[in-house]
């Protein structure tokens, strides 16, 4: 997967998700990291789509926060948290591949949410007729 083909907003979201995982000392970036940053993305579509579907973004934020807290953290042998990533080139390549797969899955979920929202809008318009 070529992330350079993603929109600027999608690229920014992926970078922010990776940064969030690093800051939280998580060994990998997960869909939860991506959703967390998409919920905060200025000018993004996630919050408006959730509202259109009748879902409270604050409740989603809280659930995502709990999910992020449950994720494992990298620690040193002394028990201190260690930044994610390490020095291994193989680990970096595996991380990039996994991130690309997760980004594709998140994009597919966003598309599904948008499609459901579109269907809901169509239903509401038909009800007005």
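Restricting attention to the range 41-51, report how many residues are more than 15 Å from residue 107 (Cβ to Cβ) and part of a loop (DSSP other than H, G, I, E, B). First the steps, then the outcome.
If we filter the range 41-51 for residues that are more than 15 Å from residue 107 (Cβ to Cβ), which is where we start, we get 42-43, 47-48, 50-51.
From what's left, part of a loop (DSSP other than H, G, I, E, B): 42-43.
The number of residues fulfilling the criteria is 2.
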Picking from 116, 97, the residue that is assigned to a helix (DSSP H, G or I) and modelled with pLDDT of 80 or more would be 116
Return a yes/no flag: does the range 61-82 have any residue that is touching a helix residue (DSSP H, G or I) at 6+ places or on another chain (Cβ under 8 Å), assigned to a loop (DSSP other than H, G, I, E, B) and modelled with pLDDT under 80. no
Which residues, taken from the range 1-40, are crowded, with 16+ Cβ neighbours inside 10 Å and not in a helix (DSSP H, G or I)? 6, 24, 25, 26, 27, 28, 29, 30
Filtered residues of the range 21-58 (kept if farther than 30 Å from residue 123 by Cα, free of Cβ contacts under 8 Å to residues at least 40 places away in the same chain and under 10 Å from the mean Cα position of the chain (by Cα)): 32, 33, 37
Sole miss for residue 106 among (1) exposed (fewer than 15 other Cβ atoms within 10 Å of the Cβ); (2) assigned to a helix (DSSP H, G or I); (3) modelled with pLDDT of 75 or more is condition (1)
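The values are calculated or read from the model by the stated rules, or taken from the named source; none is laboratory data. If you're wondering where the values come from, they're calculated on a predicted model, not measured in any experiment. Using ideal geometry, Cβ is built from the backbone for each residue, glycine included, and neighbour counts are taken over all protein chains shown.
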